[in-house]
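First comes the structure, then the notes that go with it.
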Amino acid sequence: MFDKNLIDLSVMSTEQIDKIIRKAKKIMQSPADYRHACDGKILATLFYEPSTRTQMSFQTAMLKLGGRTIGFDNPMNSSVSKGESLKDTITIVGEYADIIAIRHPVEGTAAAASLYAGVPVINCGDGGHLHPTQTLADIITLSCEKGRLDNLRVGVCGDLLNGRTVHSLIKTLAKYPNNSFVLISTKELSVPLYVIDILEKNGCKYEISHSLADAITDLDVLYMTRIQRERFASEEDYQAQKNVFVLDKEKLDKAKENMIILHPLPRVNEITVDIDDDPRALYFKQAQYGMYGRMALILLLLQDDEFFVENRPFV
Ligand code: CP
């Protein structure tokens with residue numbers, strides 16, 4: 001089935017992805033040109049899980065485009081608390097809004113929502129599965145700050161099992177030539193096998209490491225992630241994993257001068273705050289780039305008839 005949704009960025013062609021990046025850069029250069037681009041349009045943000053950046057940057061993006069927003073950030077304040085099904089909620093909201101951005105703790109929910117919405121649906125995170133608009137923020141940062149999306153040696157570090165941003169990023173960067181990956185995690189929080197399969201299918205080189213200090217020396221990009229406390233079966237399991245990988249000045253001293261540090265945020269304590277002033281620390285800028293990426297995405301989904309995205313349920 002083909003439809004105008006964004007469920008998984010990696011099912012898009014690199015030409016389509018590059019089109020979003022180009023659009024985001026145009027908006028960045030001249031934001032005032034777009035302030036009436038979505039006059040009269042409504043974005044619904046349905047967040048069944050907490051968020052700061054994704055929800056607010058989508059809301060800001062729509063407001064900056066001249067549109068308006070509706071939605072909830074606590075489903076218990078909606079009729080979900082009375083037992084309303086996803087199908088019914090989405091069917092109704094699809095009548096009110098022109099586009100829906102949804103985050104949900106269950107994998108595959110955004111894909112399911114896209115079956116009922118009748119308007120474009122954007123996956124803002126489905127459980128530990130995917131987070132495509134975070135990947136947009138990540139690759140716009142790479143494009144602007146490294147000047148390329150290929151020939152990169154990328155270290156991803158932390159909770160590679162539950163970190164949906166990591167899965168989306170690896171799947172997307174695997175589409176570009178000559179990227180290689182260093183997967184830095186404990187054995188328990190290794191990247192899922194289906195992601196490894198994708199790397200192998202795309203002919204990408206990858207290494208598995210259990211030492212950030214060793215892996216950091218030859219990276220172009222270090223992508224740090226939080227240990228996802230909310231996805232652990234017990235507090236004890238979480239306590240055993242937290243603080244295993246912490247990027248501090250001592251480790252950063254071993255990195256290349258032009259390596260960049262990314263993090264989808266929120267940070268807990270996996271990057272010490274004294275690194276924030278290092279010019280390589282780009283995680284706050286990355287969040288700014290994300291807003292422009294979301295403006296570009298809204299515009300393309302609402303206004304560009306050529307911009308179709310294959311809507312496979314999920315991989
Ligand atoms: N990166 C990200 O998804 O942040 P939020 O959870 O604050 O939206």
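From the set of residues in the stretch 4-36 that are buried (at least 18 other Cβ atoms within 10 Å of the Cβ) and in a loop (DSSP other than H, G, I, E, B), which is farthest from the chain's Cα centre (by Cα)? Of everything passing the filter in the stretch 4-36, LYS4 is farthest from the chain's Cα centre (by Cα). The combined condition, being more than 16 Å from the ligand (Cβ to nearest atom) and either among the aliphatic types (A, V, I, L, M) or farther than 16 Å from ILE122 by Cα (or both), is fulfilled by GLY83. Kindly evaluate LEU199 against the criterion of being within 23 Å of ILE271 (Cβ to Cβ), aliphatic (A, V, I, L, M) and touching a residue at least 12 places away in the same chain (Cβ under 8 Å). So LEU199 fails the test. Picking from residues in the stretch 265-288 that are within 12 Å of VAL221 (Cα to Cα) and not in a loop (DSSP other than H, G, I, E, B), the one that is farthest from the ligand (Cβ to nearest atom) is ALA281.
Listed here are the strands (runs of 3 or more DSSP E) enclosed by the stretch 196-264 that have at least 2 residues being away from the ligand (no atom under 16 Å from the Cβ) and within 14 Å of CYS157 (Cβ to Cβ): 205-209, 221-224.
State the number of residues belonging to the stretch 37-47 that are free of Cβ contacts under 8 Å to residues at least 60 places away in the same chain and in a loop (DSSP other than H, G, I, E, B). Residues meeting the conditions: 2.
Evaluation of TYR176 against the conditions (1) in a loop (DSSP other than H, G, I, E, B); (2) hydroxyl-bearing (Ser, Thr, Tyr); (3) under 28 Å from ALA233 (Cβ atoms) shows that the sole unmet condition is (3). Here MET56, MET62, MET76 are screened, and the one residue that is over 19 Å from ASN5 (Cβ atoms), within 16 Å of the ligand (Cβ to nearest atom) and part of a helix (DSSP H, G or I) is MET56. For the stretch 101-129, the candidate set comprises residues that are within 10 Å of the chain's Cα centre (by Cα) and closer than 17 Å to LEU301 by Cβ; within that set, the residue that is nearest to the ligand (Cβ to nearest atom) is CYS124.
Computed from the coordinates by the stated procedures, all read-outs in this text should not be read as laboratory data. Just so you know, these numbers come straight off a predicted model, no measurement behind them. All Cβ positions, even for glycine, are placed from backbone atoms using ideal geometry, and neighbour counts span all protein chains on display.
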